[in-house]
Amino acid sequence: MVSRPRIRSIVTALCLYVLASLMIGYFGINAYTGSRGINARKDLDVQIAEMTAELSAAKAEREVWQRRVALLKSEKLDPDLLDERARALLNYVDRHDLVMIVRPR
């Protein structure tokens, strides 16, 4: 009769250890592969780097356009830029210009 309570206590302790190790394993796996885990953090870092590069490219393009718009303002109008834009928009050329037609391949 003494052996049954002893076996029961051993089995109970073993079950508690197994249950605790399963819970630790579950939380450990989720910490690594979950939506807020280590892998997700790496993906977010890559996405942040890509968006930072895209932002810097957009800022550079904006600066280029701001310079071009500043040249078209009335207080400091650049005649060459005005002539270029007028010809591009109206699709005109000067009679002294050489026009080369290039066919796309």
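We did not get these values from a lab; they are worked out from the coordinates using the rules stated. Keep in mind the model is a prediction, meaning the values are calculated, not measured. Every residue, glycine as well, gets a Cβ built from its backbone with ideal geometry; the counts of neighbours run over all protein chains shown.
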request  = Of the options Gly37, Phe27, Thr52, report the single residue whose Cα projects farthest towards the positive end of the charge dipole of the chain (beta-carbon charges: Lys, Arg +1; Asp, Glu -1).
outcome  = Phe27
key: Shape of the chain, Cα gyration tensor, a/c cut at 1.5   = prolate
task = Would you mind checking the tilt of helix 38-72 against the longest principal axis of the Cα atoms of the chain, expressed as 0 to 90 degrees and rounded to 10?
result = 10
remark   = As straight-line cross-link partners of Lys42, the qualifying aspartates and glutamates (C-alpha separation under 18 Å, not fewer than 8 residues apart within one chain) are Glu50
remark   = Given unit charges at Cβ for Lys, Arg (+) and Asp, Glu (-), the dipole magnitude of the chain about its Cα centre in debye, nearest 20, is 980
remark   = Measuring from the longest principal axis of the C-alpha atoms of the chain, the long axis of helix 79-90 (C-alpha) lies at a number of degrees, nearest 10, equal to 80
query = Can you give the calculated 222 nm mean residue ellipticity of the chain, where each DSSP H run of n ≥ 4 adds -39,500 (n - 2.57) and the sum is split over every residue, rounded to the nearest 500 deg cm²/dmol?
reply = -26500 deg cm²/dmol
inquiry  = Only Cα pairs within less than 10 Å get springs; with that Gaussian network setup on the chain, which residue of Ala20, Ala31, Ala57 has the largest fluctuation?
reply    = Ala20
